[in-house]
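A quick write-up on the structure given underneath.
Read-outs: derived from the displayed coordinates by stated rules, not from any lab. Please read all numbers here as calculations on a predicted model, not as lab measurements. Every residue, glycine as well, gets a Cβ built from its backbone with ideal geometry; the counts of neighbours run over all protein chains shown.
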Amino acid sequence: MALQRLPATGPLDDLLAALDTDGGLVVEGLFPVEVIDRMREGVLKAAENYEPGAATQGLGEAGRFFVGHNTVRFSSLGKVSDAFFDMLDNPVYAAMADAVLLPSCGSYWVNTGQAMLIGPQSPAQMLHRDCDNWPAFATMGWPNGPEITLSAMIALDTVTEKLGATRVIPGSHRWPNYLDHGSPEKTVPAELEPGDAMIYSGKTIHGGGANQTENEWRLAMHLSFVLGWIVPEESSPIDYTDDELAGRSARVRRLLGHKSYEPKPQMGGGLWLRHVDSF
Ligand SMILES: O=C(O)CCC(=O)C(=O)O
């Protein structure tokens, strides 16, 4: 069963229904091609500074295995291109994240924005759920507990199955056994055109596909949000200075940790107290 493909211009309810039913969907044309062109240009230039296989997610060889020995990954994408800030303000992705995450938090922030460039002849990545990062919370009430994180794999160029399109198991966000990570034959590829995004729940099993080409790279990036009272994967708040974010929208500054977590209308106190009243 392939993932549903819906246009970003369609009703929000349809996008959310597909996400709810299958655990993920392709949103076609989510980001303007002009924004993607700027992002791709910045990513390709920055990629010259990173060796394939250098990213370890802080886990040494286990992390390198997870990421892939011929994969280039890096974050702090706002330093690579201003297009990143436009992507953070994307209204459709914002509306989806609001609907999925705000029932469990007053505000959410960036989990990670990451270039994910899979090199030729790379094997498929191990299958996993993004909520595996917060296991104690993820397993609580599984599979009916709150959504913790919402992710997007975004095409910076055409992403085909042969190039290593992300592979997803539709419906796996509802599997009764959290520890069941499925198997490759249950996966389907999320093929994308530049600006399309595969948006998926943190509960959904997925992994980078094998790049079966001889000499082509899969050009994609990841952008995920996480509940504002949970520690994200990236240290965005200290990656960017106040000056670097001056003039950006209040949403962008909050997403990157330069504005406090506000609990309302949820219960609880303010967290990560920063620029509480200044904007
Ligand atoms: O590269 C991909 O397509 C997916 C990567 C991924 O899911 C991850 O590393 O968490």
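One compactness figure for the range 60-191 is 1.14, namely its Cα radius of gyration divided by 2.2 N^0.38 Å. Each Lys and Arg Cβ is given +1 and each Asp and Glu Cβ -1; about its Cα centre, the range 1-99 then shows a dipole of about 420 debye. Given a cut-off of 28 Å, name the pairs among Lys79/Lys162; Lys79/Lys259; Lys79/Lys203; Lys162/Lys203 whose C-alpha atoms lie farther apart than that in the structure shown. Listed pairs above 28 Å: Lys79/Lys162; Lys79/Lys203. Loop exposure criterion: GluC sites (Glu not before Pro), DSSP state outside H, G, I, E and B, at most 10 other Cβ atoms within 10 Å. Applied to the chain, the longest stretch between such sites is 49-213. Exposure proxy shown here: for Arg174, Arg253, the number of other Cβ atoms within 10 Å sets the order, fewest to most, as Arg174, Arg253. Counting only Cα atoms, the size of the range 140-209 along its three principal axes is 38, 24, 13 Å, in decreasing order. With 0.36 nm allotted per residue and the present C-alpha distance subtracted, the Ala250-Thr9 stretch has 84.3 nm of extension available. Overall, the range 205-245 carries a charge dipole of about 320 debye about its Cα centre when +1 sits on the Cβ of Lys and Arg and -1 on the Cβ of Asp and Glu, all other atoms neutral.
Could you tell me how far the Cα centroid of the range 4-27 sits from the Cα centroid of the range 210-279, in Å? So the separation of the two Cα centres works out to 24 Å.
Candidates Gly257, Ser235, Leu271 compared by Cα position along the dipole of the range 200-279: farthest toward the positive end lies Leu271, with charges placed on Cβ.
The order of Met153, Met140, going from fewest to most other C-beta atoms within 10 Å of their C-beta, is Met140, Met153. Computed from point charges on the beta carbon alone (+1 for Lys and Arg, -1 for Asp and Glu), the dipole magnitude for the chain about its Cα centre is near 540 Debye. Can you tell me the mean projection area, over all orientations, of the convex hull of the chain's alpha carbons? Units nm², please. Projected area, direction-averaged: 14.0 nm².
Summary of the geometry: the range 144-162 and the range 87-121, compared by the centres of their Cα atoms, lie 9 Å apart. Between Ala55 and Arg73, the built amide H atoms are under 5 Å apart, and every one of these is 5 or more places off in sequence or on another chain.
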